[in-house]
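Worksheet: one structure, shown below.
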Amino acid sequence: MTQDIQTKARLPWHQLAPQAYKAMGGVAAALADSTLGTRLIDLVQLRVSQINGCAYCVDKHARDLLKLGEDLQRINSLVTWHEAGLYDARERAALQWAESLTQVAHTHAPDADFEQLRAHFDDREIAELTLVVAMMNAWNRMGVGMRMPVVPKALQPA
């Protein structure tokens, strides 16, 4: 069975709930200024969006990473980060935490995943990383639920 490609969102939710949309954007802006670094944040957001199947957010964060000069192989291999030796220990700890929280109904965020973070992040960074994952999951629910479309356009590396 084929599915029609969505070219228009189900609802203009950001216009229908502008205060909530603005508040979500404010949280994202506050987190962008954290010591986590924009590249790590986008990497985590891309991985969460891959898990949740949010086409709009996958496209957005892959493009953001390209603009930051991220290597295309690392972007393309993110879905297989467990097997690919392209990510450092800090990134791997963050990605494991992101996956654990995104699938929290199944994982229950195990202590082992949390303890991996402590070797690479201070308490504030762990809190900020957890907020990044939580917010990305919220954005993904809006993106998938409202069927935010991906607009075809050429990729523009940095």
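The values are calculated or read from the model by the stated rules, or taken from the named source; none is laboratory data. Given the structure is predicted, the values throughout are model-derived calculations rather than measurements. For neighbour counting, all protein chains shown are included, and Cβ atoms are generated from backbone atoms with ideal geometry for every residue, glycine included.
Do you know which of the residues in the stretch 117-147 that are crowded, with 18+ Cβ neighbours inside 10 Å and either modelled with pLDDT under 95 or polar (S, T, N, Q) (or both) is farthest from Pro12 (Cα to Cα)?
Asn137
State the number of residues belonging to the stretch 78-113 that are under 15 Å from Val44 (Cβ atoms) and among the polar types (S, T, N, Q).
Of the residues in the stretch 78-113, 4 are under 15 Å from Val44 (Cβ atoms) and among the polar types (S, T, N, Q).
Please state which one of Ala30, Ala20, Ala55 is out of contact with any Lys or Arg (no Cβ under 6 Å at 6 or more places or on another chain) and over 18 Å from Gly143 (Cβ atoms). Give the steps one after another, and end with the answer.
Details: Ala20 fails: over 18 Å from Gly143 (Cβ atoms); Ala55 fails: over 18 Å from Gly143 (Cβ atoms).
Step by step, each of Ala30, Ala20, Ala55 is checked, and only Ala30 is out of contact with any Lys or Arg (no Cβ under 6 Å at 6 or more places or on another chain) and over 18 Å from Gly143 (Cβ atoms).
Do we find a residue being surrounded by 16 or more Cβ atoms within 10 Å (Cβ to Cβ), of a type in the set (D, E, K, R) and closer than 18 Å to Ala28 by Cβ anywhere in the stretch 107-116?
No, the conditions are met nowhere in the stretch 107-116.
Can you pull out every residue in the stretch 36-59 that is hydroxyl-bearing (Ser, Thr, Tyr) and under 8 Å from the mean Cα position of the chain (by Cα)?
Of all residues in the stretch 36-59, those hydroxyl-bearing (Ser, Thr, Tyr) come to 38, 49, 56.
Ser49 - this is the single residue of the stretch 36-59 that is hydroxyl-bearing (Ser, Thr, Tyr) and under 8 Å from the mean Cα position of the chain (by Cα).
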